[in-house]
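Here's the structure we're looking at; comments come further down.
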Amino acid sequence: MIYDTTVNKINNYIVQELDLTAKEQGRIKFGIELLISTIMSLGTTLIVAKLLGILNSVIFISLAGVLLKQVSGGIHFKTPWECAFFTAFFFNLLGYISFWAKESVFNNWVLFLVLSSLYIIISLFLWSPADVPEKPIKDQRQRRRLKLISLILAIFLLILVALLFYIYKGCFALINVSLILGLLFQVSSINPLAYKLCNLYYRVKVKFVSK
């Protein structure tokens with residue numbers, strides 16, 4: 001498989017250049033897998049968004065979601081192709097929602113922002129950072145640091161959206177709605193329910209594949 005070959009080549013090159021322990025090698029390989037998977041997902045997402053004519057909204061959804069994911073974690077699919085498919089599907093779905101709902105949201109932006117902010121901040125406080133079995137976060141100081149960064153990043157973006165709405169009214173409504181939807185999607189991915197749905201997907205998939 002091209003993906004596995006690429007990951008192994010990059011990993012082997014780094015391992016040869018640096019004197020790493022087995023634990024460090026595992027971390028490097030997992031980081032490379034995440035990086036390539038993210039590039040594939042974003043590439044697929046943006047190509048589909050361009051074809052659908054909603055590129056601008058999807059770019060800002062991706063920006064908010066991907067930035068927050070780096071520090072808050074979240075569910076991780078087992079193959080890059082699954083990650084690319086589901087990312088493209090949900091980001092473009094949210095892109096359509098932001099495109100068609102921007103005016104309605106602007107008319108009620110204070111309520112929308114307050115409710116979204118409460119859900120985002122509470123979710124990050126309760127569940128960030130959400131790790132995966134392949135990369136558990138055992139260092140409590142690291143966990144606290146990632147949680148703090150997640151909260152700061154989310155609050156910064158929420159304040160930015162509030163200022164843009166307040167100062168420029170509806171001029172940046174599409175950008176504002178897209179940023180909020182990106183944050184909402186990402187914090188939903190760290191919710192324990194998201195992990196249960198992901199596990200359910202794989203149980204169903206195994207039943208169909210094994211037939």
Open item on the list: Looking at segment 135-157, can you tell me whether even one residue there is closer than 28 Å to residue 40 by Cα, among the charged types (D, E, K, R), modelled with pLDDT under 95 and touching a helix residue (DSSP H, G or I) at 6+ places or on another chain (Cβ under 6 Å)?
Closed with: yes
Task: Condition check for residue 116: modelled with pLDDT of 95 or more, of a type in the set (Ser, Thr, Tyr) and either open to solvent by less than 80 Å² (accessible area, probe 1.4 Å) or closer than 19 Å to residue 198 by Cβ (or both) - done: yes
Task: Criterion: in contact (Cβ under 8 Å) with a residue 24 or more places away in the chain and closer than 15 Å to residue 182 by Cβ - qualifying residue of 84, 49, 130 - done: 49
Task: Number of positions in segment 196-211 that are of a type outside the set (D, E, K, R) and surrounded by fewer than 10 Cβ atoms within 10 Å (Cβ to Cβ) - done: 3
Task: Subset tally (residues that are more than 17 Å from residue 69 (Cβ to Cβ) and either touching a helix residue (DSSP H, G or I) at 6+ places or on another chain (Cβ under 7 Å) or open to solvent by 100 Å² or more (accessible area, probe 1.4 Å) (or both)) for segment 158-167 - done: 6
TODO: Tell me which of these residue 3 doesn't satisfy, since it passes every other one: (1) at pLDDT below 85; (2) among the aromatic types (Phe, Trp, Tyr); (3) open to solvent by 50 Å² or more (accessible area, probe 1.4 Å).
DONE: (3)
Open item on the list: I need a count of the residues in segment 130-150 that are of a type outside the set (Lys, Arg) and surrounded by 18 or more Cβ atoms within 10 Å (Cβ to Cβ).
Closed with: 3
- [ ] Please state which of the following conditions residue 193 fails to meet, knowing it meets all the rest: (1) at pLDDT 95 or above; (2) surrounded by 11 or more Cβ atoms within 10 Å (Cβ to Cβ); (3) not in a loop (DSSP other than H, G, I, E, B).
- [x] (2)
Open item on the list: Being among the hydroxyl-bearing types (Ser, Thr, Tyr), modelled with pLDDT under 95 and under 27 Å from residue 120 (Cα atoms): is that true of residue 57 here?
Closed with: no
TODO: Return the residue satisfying two criteria in turn: it lies in segment 168-190 and is aliphatic (A, V, I, L, M) and within 15 Å of the chain's Cα centre (by Cα), and of such residues it is surrounded by the fewest Cβ atoms within 10 Å (Cβ to Cβ).
DONE: 184
Open item on the list: Looking at segment 69-76, can you tell me whether even one residue there is out of contact with any Lys or Arg (no Cβ under 7 Å at 6 or more places or on another chain) and closer than 21 Å to residue 175 by Cβ?
Closed with: yes
Task: Any hit, segment 31-50, residues being of a type in the set (Val, Ile, Thr), at pLDDT below 70, buried (at least 17 other Cβ atoms within 10 Å of the Cβ) and out of contact with any Leu (no Cβ under 9 Å at 6 or more places or on another chain) - done: no
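The values are calculated or read from the model by the stated rules, or taken from the named source; none is laboratory data. The model shown is predicted, which means the values in this text are computed figures rather than measured ones. Quick reminder, even Gly has a Cβ in these numbers, built from the backbone with ideal geometry, and neighbours come from all protein chains shown. We work out accessible area using only protein heavy atoms, side chains counted, and drop any ligands, DNA or RNA first. Shrake-Rupley method; radii C 1.70, N 1.55, O 1.52, S 1.80 Å.
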